[in-house]
1. Can you tell me how many residues within the range 183-229 are in a helix (DSSP H, G or I) and either within 16 Å of the ligand (Cβ to nearest atom) or touching a His at 6+ places or on another chain (Cβ under 9 Å) (or both)?
2. Scan the range 162-212 for residues that are surrounded by fewer than 18 Cβ atoms within 10 Å (Cβ to Cβ), in contact (Cβ under 8 Å) with a residue 24 or more places away in the chain and among the small types (Gly, Ala, Ser) and report the count.
3. Out of everything in the range 320-356 that is of a type in the set (S, T, N, Q) and out of contact with any helix residue (DSSP H, G or I) (no Cβ under 7 Å at 6 or more places or on another chain), what residue ends up being farthest from VAL190 (Cα to Cα)?
4. When residues of the range 59-76 are filtered for being more than 20 Å from ILE269 (Cβ to Cβ) and not hydrophobic (A, V, I, L, M, F, W, C), how many remain?
5. Quick one: which helices (runs of 4 or more DSSP H) sit completely within the range 19-106 and have at least 1 residues that are within 19 Å of ASP213 (Cβ to Cβ) and in contact with a helix residue (DSSP H, G or I) (Cβ under 8 Å, 6 or more places away or on another chain)?
6. Taking the range 313-330 as the search range and keeping residues that are at pLDDT below 90 and assigned to a loop (DSSP other than H, G, I, E, B), which one is surrounded by the fewest Cβ atoms within 10 Å (Cβ to Cβ)?
7. Consider the range 28-53. How many of its residues are in contact with a Gly (Cβ under 8 Å, 6 or more places away or on another chain) and not polar (S, T, N, Q)?
Amino acid sequence: MNESTMTQIARRMLSAKAEQFTESVIREMTRLALKHNAVNLSQGFPDFAAPAEIKEAARQAISDDINQYAITWGAKPLRDAIVEKFERTQGVRVDPEREITICCGSTEAMMAAMMAIINPGDEIVVFEPFYENYGPDVILSGATPRFVKMRPPTDENSFWSYDENELAAAFGPHTKAIILNTPNNPTGKVFTRAELEFIRDLCVRWNAFCITDEIYEHILYDGAQHISMARIDGMRERTIVINGMSKTYSVTGWRVGWAIAPPEATSAIRKVHDFLTVGAAAPLQQAGAIALHSPQSYYDKLAASYAEKRARLLKILENAGFTVFKPRGAYYIMTDISRFPDPDPVRFAAGTKDVAFAKYLVEEIGVASVPGSSFYNESALHVLQKRIDLGGWRSTARQASRVILRQRLRTVAEERRHLQLHWHPHPGCFRKSGKQRT
Ligand SMILES: Cc1ncc(COP(=O)(O)O)c(C=O)c1O
């Protein structure tokens, strides 16, 4: 059988949904980082130890023989701990029996929530750039996405922002939900109360849900405050909060997350979750109950340690010639690479400059990052942004600093020759001297 016959058969036999998205770029960059022995600043996982008490709680749970299926929608001690923590931090009391579903990571919670509410013809509003999972989530659940662009900061004192008219125009009679992610991956934006209230008004007007991914709720900088959409007047009954242990307790491999939703939505989410995965790992749910009772000092220390990494890496990147967009939350840094010349088009062949640049960085310089286009629907826009992850940074800081500086020395010389190649596809991007090319 020749290759084209095989391709034809595969086309007919495989899901048209799965055809619509590619494998995760972030995980691909991690693979390349391993291959090229590079510093991995691409995938969002910490490279430091998880807290000792939480690991001990997991060991204890296994010794205590909490080794069989937990209740499908989640072990009671963990659901109770979520209720206690959500009330303490956000002032919102939820019912552990009717409003919480524990899932295999917030990834499954998001998928289960979307499958629980989407019908054919439903639309979902998504801010761009977005965490890459939301694209496939929308496709797999059968929704139609309506993208709304966020614009990068124009100076040191501004933040990523959206145009209110564009957002309002994305809502309509078919809108089922908006996906919000605050603190935001990849931009580091933390939505303000005024912004949440504007979104609330649209959700109420069009009778839509807000699915809010709050997984970075404790990673905040410069006094930024996390406000859950569930706390905004009028939103309690139309908000689905997605959260999990991965980032807050530095245990991304445990796969424990949850959805907090009004009772009717919860009963649909629980059914989907049951048939998708049955349940999250029982002993790790038990340990999760201990983790969620951590004192406030634990969360303060976590935020402070990321703030220190952010300051150091921002400095390194700026010194290396990157234009950086300072994050206010989460642990990623978006940069504008338009000041750099195009990498060798033969050695680093790619459809867009950001992908070519990411290849160049990982192969030549030894630093893995994520091309900005993977956070956009239309990568053909030549997105000139890259995302750099702070999670896996500590133990590799020196090495990263060395290689990035090495790169700076190389590119400064090349830059002189390529001054005319500076280009800025996004209105509002920093504009440096040089001719624009689109
Ligand atoms: C915004 C966002 N949501 C969800 C996840 C995944 O979380 P989990 O490990 O709980 O599935 C990530 C991981 O990078 C993320 O950045």
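1. Of the residues in that region, 1 qualify.
2. The total comes to 2.
3. SER338
4. Summing the residues that are more than 20 Å from ILE269 (Cβ to Cβ) and not hydrophobic (A, V, I, L, M, F, W, C) in the range 59-76 gives 7.
5. Per the criteria, 25-35, 76-90.
6. GLY321
7. 8
The rows are residues; the columns are (1) surrounded by 12 or more Cβ atoms within 10 Å (Cβ to Cβ); (2) farther than 25 Å from ARG310 by Cα; (3) of a type in the set (D, E, K, R); (4) at pLDDT below 85.
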| residue | (1), (2), (3), (4) |
| --- | --- |
| MET1 | no, yes, no, yes |
| ALA10 | no, yes, no, yes |
| LYS17 | yes, yes, yes, no |
| GLU28 | yes, no, yes, yes |
| ALA33 | yes, no, no, no |
| GLN43 | yes, no, no, yes |
| ALA49 | no, no, no, no |
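The values are calculated or read from the model by the stated rules, or taken from the named source; none is laboratory data. This is a predicted model, so every value here is computed, not measured. Counting neighbours? That spans all protein chains shown, and the Cβs are built from the backbone with ideal geometry, glycine included.
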